[in-house]
Structures are given as C-alpha cells and as structure tokens.
1. Considering only Cα-Cα distances, which of the following residue pairs are longer than 30 Å: Lys7/Lys94; Lys72/Lys164; Lys23/Lys179; Lys7/Lys289; Lys72/Lys108?
2. Express the Stokes-Einstein translational diffusion coefficient of segment 216-255 in µm² s⁻¹, to the nearest whole number, given a Kirkwood radius over alpha-carbon pairs, 20 °C and a viscosity of 1.002 mPa s.
3. How many nm separate the modelled label positions at Glu360 and Glu57, each set 7 Å beyond the Cα in the direction of the Cβ?
4. First measure r as the distance between the Cβ atoms of Glu22 and Glu77, then evaluate 1/(1 + (r/R0)^6) with R0 = 22 Å and state the FRET efficiency to the nearest 0.05.
5. Counting other C-beta atoms within 10 Å, and keeping those with at most 11, which DSSP coil GluC sites (Glu not before Pro) do you find in segment 15-55?
6. As a test of the definition: which semi-axes, in Å, follow for segment 17-71 when you take the square root of five times each eigenvalue of its alpha carbon gyration tensor? Largest first, please.
7. Could you tell me which trypsin sites (Lys or Arg not before Pro) in segment 1-106 are loop residues by DSSP with no more than 13 other beta carbons within 10 angstrom of their beta carbon?
8. Using the Cα atoms as the points, what is the convex hull volume per residue of the chain in Å³?
Amino acid sequence: MKFGIIKERKNPPDRRVVFSPEKLQEFKDRFSEASIKVESSNIRVFSDESYQNAGFEVTTDVSDCDVLLGVKEVPIEALIPNKKYFFFSHTIKKQPYNRKLLQAMLEKNIELYDHETIVKENGARLIGFGRYAGIVGAYNGFRAFGLKHETFNLPKAENLSDQKALIDQLNKINLPSIKILLTGSGKVAYGAKEMLDAMNLKQVDVNEYLNKAFDEPVYCLIDVLDYNKRKDGQIIDKYDFYENPEEYVSDFMRFAKVTDYFIAGHFFGDGSPYLFTREDAKSNDFNIKLVADVSCDIDGPVASTIRPSTIADPIYGYDPQTASEVDFKDKNAIVVMAVDNLPCELPKDASEGFGELFLEHVISAFYNGDKDGVLARAKMTENGKLTPRYAYLQDYVDGKE
C-alpha cells in the first residue's frame, strides 16, 4: 500500500502535518512493506529537505498513492478521485460551508476518513490535537492577563519553538493571588493542566477553592458534576449526566463568584446546560475577568464567547451589561481569548504528538486487519455513497438541511 503526505492548501496556511520526518521513519521501520511519498510544501513546519534527509521521496505528484494523509480540508479542485483520504473535513455536524466538499468526495468516489471519526467503540476519540489546544490556550490566557493589566508582555506562542519555550516564558512572570478555574476531563483540559503544573501553581479541591482565600495563585480542575446539578437533587454519576443532560441545570455560578481566570477545556454535548448565560454574566456576583475559551463554542455555553478570535488578533473584550464586544482594555470588559485553531501556534509539537497517535491507532489498523474496527467506524464514504454509520448526513448532502 502506498501512502502520501499531502500539502496543506487551505487558507490561512496551516503548518501542521500528520507525520514529522522522525515519526514517518518510525512508520517505515514498523511497517516496511508500506511505500511512502511526501508532497512538496513550502509552508510545512518540517522542510522538504528534512524528509529527504530521512530517506523519503519528496514530489509534486502523489496521484499514484492509495491513501492520502492531510490535516485540514482539501480544496475540491485538489481532490484526486478514487483515493482514500484522511483529514478534518468539518462535515460530521452538517457544517453548511463544507457541504460541497462532501458532495465532491462522493462524486469522485473518494473514501473519506475524518480524523474526528477515528474513535473507540464507545465513541471516545483516539487522535487529535486537543492536548496542544489546551497547552496554547492556557498560555494565551496568561498572555492576555498581562496585556490587560499591563504587568507583563509575553511573546506570541506562534513565535516560540515548542512547549518548553512557552513554559520558560510563563515561569518568568509574577502573578497576583488569583483563582484559576479549569473545566474538563479530556486531552484539552489536561494539556492546560500541564502548563499550570509547569508553573508550579497550587492545585486545590473544590471546597477549598470555593471557601478559602489564598495568598498565592491557585487553580481548581472541575468536571461536569461539579458545575451541573440534577433538577431533582439526586447525585448519581457523570454517565447519568451524559445520558440525561436535560435533567440537569448549571451550578457554575458558585465558581464564577470566586474565579478570576477561567480556562474552558470541557466538551459541550447537545442538550447540556450552558455554564453561564448572558444574564448570569450581568450579575454582581459574577467575578470572572478573563476567559480562555479553548472549547470555543460560539453563542453557546460560555456566554462571553460571541465570536472566534484569530492567531493574528487573539483577544477581544465582552461587556456583560450590553452583551456586546468592546476593547479588551475597557474597564468593564471580560477579556476573551477564543482562538479556534490554537494547535496551529505550536505546529512542531502538535504534529509530532498527532503522528504518534495516528501511527498507533490508524496505520496499525491497516496492517492488523482492522481488528479493533477503527477504520470501519471512521469510514464515512464508500463507492460514492455514505456508509451506514453516516447515513444521517444524507439530507445534508442533498441540500435539505
């Protein structure tokens, strides 16, 4: 089987890649029967020469490859018919802006495997850039804090080489005795937690966080049952919340009263209560001054996130009284960092981590008969049709949704 690492063609440019030269060498060492080519790219974080030095053919033509591996959406005009493609298609939630892309892949008889559909049997994602979103998101939040208060000026993450360089910068700053809240229990939240721990910030439990004052900066990591409660007062388990989110209401305000900096690293499921609403944010009890919304659900569970921000312009202000955008230095503003492509700021580390997971879970499946069903679950299209698992997209393809 012949694999091709494709050039990223989406704008704005994305410097990430599925496999670094080092991980691609590991791929070749483990599966020597595989044939691998790399499409030439002038934007990739790893140079063409680095792949050539690792022993791989770099070419402008990958049309003889069977499986093509990319990160972001492939422009319709660049799609090669009758191939297997892996990339983030942003179609599984019926995103209107990519309807034509999915239609084109069906027309071109392409087998699409979306990185988001590479999951365990229970639906948990096996690969992704979530950890790096958390790492960069936490850093960007501290950068925003310094800019807001004019106390320190951290360089942009995109101008630093790797996670270690980000940590080195964070360890140069002095923070006041703020309380930092982190939501989530997945890769995003634990990526952010890596940064807080690397700064040697003290982690405290929920009770301490809510009820004690500290003379140093502290943080608290909370999960869904900490900031949601059942309407009937029962305390069951988080699986009950996942299965019956409509039976719950938000209990987030008890944290909002004492939090200075909120890092949103949670996954928000359909039907779940919003963490805080626009009305909540107007309350005199609402103390949050800074939100690093790594999850970045627009007009959703974090009311201050009214739009995504960009790597070029990552920070804006939200005035809770008018529910509108203002300058982040406005005295009434909640500072919002809501960049929706954070891992792009750490392309080297993100690519290396992604490749490790992709090799373990996806490439292995090609050579073990897909014994765990990873490829079968991930395959969205085949023979010009949606596979049964993704038949729910038919109305979307037909333009009816």
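Every number in this text was worked out from the coordinates using simple rules, so none of it is lab data. These figures come from a predicted structure and were not determined experimentally. FYI the Cβ positions are ideal-geometry reconstructions off the backbone, even for glycines, and counts take in every protein chain you see.
1. Details: Lys7/Lys94 25 Å; Lys72/Lys164 26 Å; Lys23/Lys179 39 Å; Lys7/Lys289 41 Å; Lys72/Lys108 19 Å.
Over 30 Å apart, Cα to Cα: Lys23/Lys179; Lys7/Lys289.
2. On the way: Rh = 11.0 Å.
The estimated diffusion coefficient comes to 196 µm²/s.
3. 3.1 nm
4. Working: r = 32 Å, r/R0 = 1.46.
E between Glu22 and Glu77, to the nearest 0.05, is 0.10.
5. Working: sites: Glu22, Glu26, Glu33, Glu39, Glu49; in loops: Glu33.
Within segment 15-55, the qualifying GluC sites (Glu not before Pro) (loop, at most 11 other Cβ atoms within 10 Å) are Glu33.
6. Values: eigenvalues 51, 39, 22 Å².
Rounded to whole Å, the semi-axes are 16, 14, 10.
7. Working: sites: Lys2, Lys7, Arg9, Lys10, Arg15, Arg16, Lys23, Lys28, Arg30, Lys37, Arg44, Lys72, Lys83, Lys84, Lys93, Lys94, Arg99, Lys100; in loops: Lys7, Arg9, Lys10, Arg15, Arg16, Arg44, Lys72, Lys83, Lys93, Lys94.
Answer in residue order: Lys93.
8. Dividing the Cα hull volume of the chain by its residue count gives 154 Å³.
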